[in-house]
Amino acid sequence: NAGVMQNPRHLVRRRGQEARLRCSPMKGHSHVYWYRQLPEEGLKFMVYLQKENIIDESGMPKERFSAEFPKEGPSILRIQQVVRGDSAAYFCASSAAVQGYSPLHFGNGTRLTVT
Amino acid sequence: DQQVKQNSPSLSVQEGRISILNCDYTNSMFDYFLWYKKYPAEGPTFLISISSIKDKNEDGRFTVFLNKSAKHLSLHIVPSQPGDSAVYFCAASASGNTPLVFGKGTRLSVIA
């Protein structure tokens, strides 16, 4: 997993607060993907971004969730007004090309706990 | 609707023997398949992949087999080692920009 950096590793938020998760892709990678893993579940796709563009957000909840990948700096996944059901591991992945034929490289995730 | 299914939540194998992890899919548009390995508190690590034009891909101790007619793929690990103990995820993608779809994973325990 070396290369894709996620922070923080653990994040605790009270219900109603905002959570900001950051992801720096591997060097040279311009495609970023966010996945969420609930307990005992597989990884569920949330959003796919390239620099300054959201390409596919079909897995993103319609409310409270947003993502960006600015020209400079890391990709940010923002969850507003968190609820207990948002507690999960959030993984970021990057690739050098369109993921259809290129494996994704994942970070070690951010474990969000909502109390 | 689960498009990628790993029906065995867990598997236990003795060290030195073969581990066979199975995966079924329902979407006939999938043409690229991957296996990831995940240790606790870490992200998934890419292991091996196969495209639909092949039926077998081998990398050291790891071999992936694809049976398109049955919409089934399997990962063989031989010989299994204690360090292989992890959760293994099967993933699939259709050509183009579609996102990877993951199964729920199989926890492999290799017993010394």
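The values are calculated or read from the model by the stated rules, or taken from the named source; none is laboratory data. Keep in mind it's a predicted model, so treat the numbers as computed, not measured. Note that each Cβ is placed from the backbone with ideal geometry, even for glycine, and that neighbours are counted across all protein chains shown. In case anyone asks, the SASA skips ligands and DNA or RNA and just uses the protein heavy atoms, side chains included. Shrake-Rupley method; radii C 1.70, N 1.55, O 1.52, S 1.80 Å.
Please work out the average accessible area per residue across the stretch B:9-105, using the 1.4 Å probe convention, and give it in Å².
Details: 4290 Å² over 97 residues.
Value for the stretch B:9-105: 44 Å² per residue.
Just the number: Rg to Rh for chain B, Cα atoms, Kirkwood Rh, two decimals.
Working: Rg = 13.4 Å, Rh = 14.0 Å.
That ratio is 0.95, to two decimals.
Of A:LYS51/B:LYS38; B:LYS37/B:LYS71; A:LYS27/A:LYS62, which ones are farther than 26 Å apart at the Cα?
On the way: A:LYS51/B:LYS38 28 Å; B:LYS37/B:LYS71 21 Å; A:LYS27/A:LYS62 31 Å.
As for pairs spanning more than 26 Å Cα to Cα, those are A:LYS51/B:LYS38; A:LYS27/A:LYS62.
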Fill in: Cα convex hull of the stretch B:1-65, projected area averaged across orientations, nm²
5.7
Discussion item. Bins of 10 Å, beginning at zero and ending with the bin holding the largest distance: percent of Cα pairs per bin for the stretch A:47-115, please.
Written reply: 18, 49, 29, 4
Response to the item:
The percentage of the accessible area of the stretch A:36-106 (probe 1.4 Å, all protein chains present) made up of carbon and sulfur atoms, to the nearest whole number, is 48
Item to complete: Counting other Cβ atoms within 10 Å, keep those with at most 11, restrict to DSSP loop, and tell me which chymotrypsin sites (Phe, Trp or Tyr not before Pro) in the stretch B:1-100 are left.
Response: none
Worksheet entry | Mean separation of Cα contacts under 8 Å (6+ apart) over length of chain B, as relative contact order % | 37
Worksheet, complete the sentence: Simple spin-label estimate for A:LYS51/B:LEU11, 7 Å along Cα→Cβ, in nm, reads 4.2
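Run through the stretch A:1-39 and list the trypsin sites (Lys or Arg not before Pro) located in a DSSP loop whose Cβ has at most 16 other Cβ atoms within 10 Å. Before the final figure, lay out the partial values.
Numbers: sites: A:ARG9, A:ARG13, A:ARG14, A:ARG15, A:ARG20, A:ARG22, A:LYS27, A:ARG36; in loops: A:ARG9, A:ARG14, A:ARG15, A:LYS27.
Sites meeting the loop and neighbour criteria: A:ARG9, A:ARG14, A:ARG15, A:LYS27.
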Worksheet item: Which FRET efficiency value, to the nearest 0.05, do you get for A:ARG78 and B:LYS54 by plugging their Cβ-Cβ distance into 1/(1 + (r/R0)^6) with R0 = 45 Å?
Response: 0.65
Worksheet item: Could you give the radius of gyration (one decimal) and Dmax (whole number) of the Cα atoms in chain A, in Å?
Response: 13.2, 40
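Quick one: with all protein chains in place, what share of the accessible area of the stretch B:50-89 is carbon or sulfur, to the nearest percent (1.4 Å probe)? Walk me through the numbers before you get to the answer.
Numbers: 980 of 1910 Å².
The value for the stretch B:50-89 is 51 percent carbon and sulfur by accessible area.
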Discussion item. Give me the summed buried accessible area for the A-B pair, 1.4 Å probe, to the nearest 100 Å².
Written reply: 1900
Worksheet item: With every protein chain present, what is the per residue accessible area of chain A (1.4 Å probe, Å²)?
Response: 49
